[in-house]
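Comments concern the structure below.
The values are calculated or read from the model by the stated rules, or taken from the named source; none is laboratory data. Note that this is a predicted model, so its numbers are computed, not measured. Because the Cβ atoms are built from the backbone with ideal geometry, glycine has one as well, and the counts that use them run over all protein chains shown. Only protein heavy atoms, including side chains, enter the accessible area calculation; ligands, DNA and RNA are left aside. Shrake-Rupley method; radii C 1.70, N 1.55, O 1.52, S 1.80 Å.
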Amino acid sequence: MPWLSYLKALNRALADELAADETVFVLGEDVRVAASNLTAGLAKRFGPDRVIDTPLSEQGFTGFATGAALAGMRPVIEFQIPALLFLSFEQIVNHAHKFSLMTGGQCRVPVTYVVTGAGSRTGWAGQHSDNPYSLFAHVGIKTVVPATPADAYGLLVSAVRDDDPVVVFAPAGALAVRDDVDFATLAAIPLGSGRVHRQGGDITVVAVGHLVHDALAVADELDDVSVEVFDPRTLYPFDWDGLLASVRRTGRLVVVDDSNRFSGIGAEIVATVAEQVPLLAPPARVTRPDGAVLPFSLELDRAVQPTREQLTAAINQTLKKD
């Protein structure tokens, strides 16, 4: 089978949706020259009317996309830096997200926001290294964080086809991941469906985005522990049925999440599971620190992010292993 990279999977999903539906178009800063490679080749194939370079005004083109969606189009916006979502937050949350709800479903706002390189970019410093997916899940916007190339393809396709706004976070730590993939098997993946990457009986590890690969590596290293690795894939709506079934089998829970600890998605996962499943031990979270701002120094950047060593320690503590 051919190799498919995570970034190429996103590019392929956009190309397939542009080809299948004339109402789909892509917009953003430098998308025609494909500065981040997400849109590579799309301008040449689909032309300037469907791959649109925008001015440097996130609020402006995010609002433009909302209007286009209300008029029957399906815009896909690329945000090359996750912090740009903060500039557009009001447009997304207060307008695109609420129009359908405030009109009783009389209008649709099918906008997809793709965030290439969310999280750390190997020393890109405080204003380029955020993972603000918890903010969007909190307000009830469909929020997707794929971990693998096949999931990146399938979830982006579903996001573009969805009639509601969807934010797709593509973690910097996953962009270079490559898998053997039969292209004929690539298909849309329903939003809200999690995935068990590795079955186990002793403990459930919930890993978000690129940390799925770290969780699998740690699980392989722990020869005397049977670790189940659960990937939610979609943070809102969350596959609570899938996760609760896993934790009921194992009785223990650790969450590894590359965002700030306080009010993060890890806290929500721990709280919801603890409310519904009798656990054999207190659950644990492995995250960035409270209020973390990643520094420019690569060494300090790495020191703020969750590590495999921290995950191993959390698993052992939950299992009471020294």
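Quick rundown of the values:
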read-out	value
Rounded to 10°, Cα long-axis angle of helix 308-318 versus longest principal axis of the chain	50 degrees
Dipole moment magnitude, nearest 20 debye, the chain about Cα centre, only Lys, Arg, Asp, Glu C-beta charged	240 debye
Area accessible to solvent at GLU90, 1.4 Å probe radius, in Å²	90 Å²
Cα long-axis angle, helix 211-221 against the chain (0 to 90 degrees, to the nearest 10)	30 degrees
The stretch 57-125-the stretch 265-322 distance, computed between alpha-carbon centres (Å)	30 Å
Local electrostatic count at PHE238 - Lys and Arg +1, Asp and Glu -1, tallied over other residues with Cβ under 12 Å	-2
Label-zone membership for the stretch 68-99, site SER57, 7 angstrom Cα→C-beta point, backbone N under 11 Å	none
SER36, SER263, SER88, reordered so the largest accessible area comes first (probe 1.4 Å)	SER263, SER36, SER88
Per-residue SASA entry for ASP220, accessible area with 1.4 Å probe, Å² rounded to 10	100 Å²
Solvent exposure ordering (accessible area, 1.4 Å, most first) of THR103, THR272	THR103, THR272
Helix 6-20 axis, angle to the chain major axis (alpha carbon atoms, nearest 10°)	40 degrees
Nitroxide proxy distance, nm - points 7 Å out along Cα→Cβ at SER226 and ALA303	4.0 nm
Residue-normalised accessible area of the chain, expressed per residue, 1.4 Å probe, Å²	42 Å²
The chain - mean residue ellipticity at 222 nm from DSSP helices (-39,500 (n - 2.57) per run, n ≥ 4, rounded to 500)	-10500 deg cm²/dmol
